[in-house]
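A short reminder: the numbers here are calculations on the coordinates, not readings from a lab. Because the structure is predicted, anything quoted here is derived from the model rather than measured. FYI the Cβ positions are ideal-geometry reconstructions off the backbone, even for glycines, and counts take in every protein chain you see.
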């Protein structure tokens, strides 16, 4: 019903405006409207760098605003041309034609203008329906029911009205949104309705590698330390997404243009599969991921190196682990990078950075300074490394997080 009411309002308003403007202005405007509709999607990406230079939001903002800018510019040009042509013809018939010809011209111009305006109304209706369809898809993925804002609820009702009148099929034929737009919407909706996936999302190799870059490390640390933001995401019943968008940590992330540009370069299909299965088809090296030190497994593995241990020797063995290894985390990153962090919780934080290379099968070699031997091995969900002491080494077992 909403769509039919909208169509009726557009036809009546356009007819009245077309009757007032006349056929010349309405016809030229119609041509401009058609051209603007055709050019909006292909020309919009040309404006994306301009948005970056002017600091007008991220690519997500540019995706929605740039087509409107194209339509506005084209329409302004054609409106100016239409007004100039109309004034020239009006002057001709007013001063250079007989009165009966002028009267005939005025009546024909007014009536034909009202008729042409119906075409304009149809184009406007189609543009509005396409805009509703593009906006409503992510909103439907992120809807929290009655807790949504009034604007979101009305948008969803309009989309439901399009489906009931089958205008969604017509709009789909002209929908310019790329496939990635829907992949991103599906992914954000998946994480929103399954907030425990946030941990897996941050362990996706490219995203984890971004967090270790110097320019984004502070942002990651601030978000990780925002306890209230975590509570908001994990709360039940679900916090409306509009409220999450207002959180400082969320805005800190989405307003970081360089970071969001890196995010939009990701393969979202592969990322969605990773969130669903925990495996990536593109990043399948066994070492990739976040590995957490397992004290009990390390101690047990070291004990197996000897048949028997005296009590004093075993006490020294345990002390060698507790004194030298504190909250150790190994990060296997893309681009053959590796980071080993230790300390925290009152202890000095020590960070070693280096590279890794694959030798054969599940064996890898590390290139980094510090007390770690080069050879490591990945077996299933565990990574085995060796930590060098003064006279001997210790086996260190990491669990995949």
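P(r) for the range 325-401, from all Cα pairs and a bin width of 10 Å, is 18, 55, 25, 2 %, short bins first. Separation of the range 323-393 and the range 9-87, taken as the distance between their Cα centroids, equals 58 angstrom.
Taking all pairs of different Cα atoms in the range 81-165, averaging 1/r and flipping that mean, what Kirkwood radius in angstroms comes out? Mind showing how you got there, number by number?
Details: mean 1/r = 0.0600 Å⁻¹.
Final number for the Kirkwood radius of the range 81-165 is 16.7 Å.
What per residue convex hull volume, in Å³, do the alpha-carbon atoms of the range 216-258 yield?
Values: hull volume 2.6 nm³, N = 43.
Roughly 60 Å³ of hull volume per residue.
From least to most packed, judged by other beta carbons within 10 angstrom and beginning with the fewest, 148, 284, 327 follow the order 284, 327, 148. Counting every pair of alpha carbons in the chain, the share spaced more than 32 Å apart comes to 55 percent. Report, to the nearest 10°, how far helix 99-141 tilts away from the longest principal axis of the Cα atoms in the chain, using its own Cα long axis and a range of 0 to 90°. With rounding to tens, the tilt is 20 degrees.
Relative contact order, percent, of the chain when contacts are C-alpha pairs under 8 Å separated by at least 6 residues? Walk me through the intermediate numbers first.
Numbers: 493 pairs, mean separation 51.4, N = 401.
Value for the chain: 13 percent.
Quick one: 287, 351, fewest Cβ neighbours within 10 Å first, how do they rank? If you can, show how the numbers build up before the last one.
Details: 287 22, 351 13.
Result, fewest neighbours first: 351, 287.
The convex hull defined by the C-alpha atoms of the range 2-176 has an orientation-averaged projected area of 12.2 nm². Cα centroids of the range 236-277 and the range 121-172: 23 Å apart.
Regarding the range 108-253, what is the average projected area of its C-alpha convex hull, in nm²? Intermediate values should be presented prior to the final figure.
Numbers: hull surface 49.6 nm².
That works out to 12.4 nm².
Taking the C-alpha atoms only, the angle from helix 179-193 to the longest principal axis of the chain is near 60 degrees. Per residue, the average separation of C-alpha pairs within less than 8 Å and at least 6 apart gives the range 180-277 a relative contact order of 36 percent. Considering all C-alpha pairs of the range 14-88, those separated by over 22 Å amount to 36%. Set against the 2.2 N^0.38 Å expectation for a compact globular protein, the range 187-269 has a Cα radius of gyration ratio of 1.07.
What is the order of 249, 272, 14, 117, fewest Cβ neighbours within 10 Å to most? Numbers along the way, then the final one.
Working: 249 19, 272 16, 14 24, 117 28.
Ordered by Cβ neighbours within 10 Å, fewest first: 272, 249, 14, 117.
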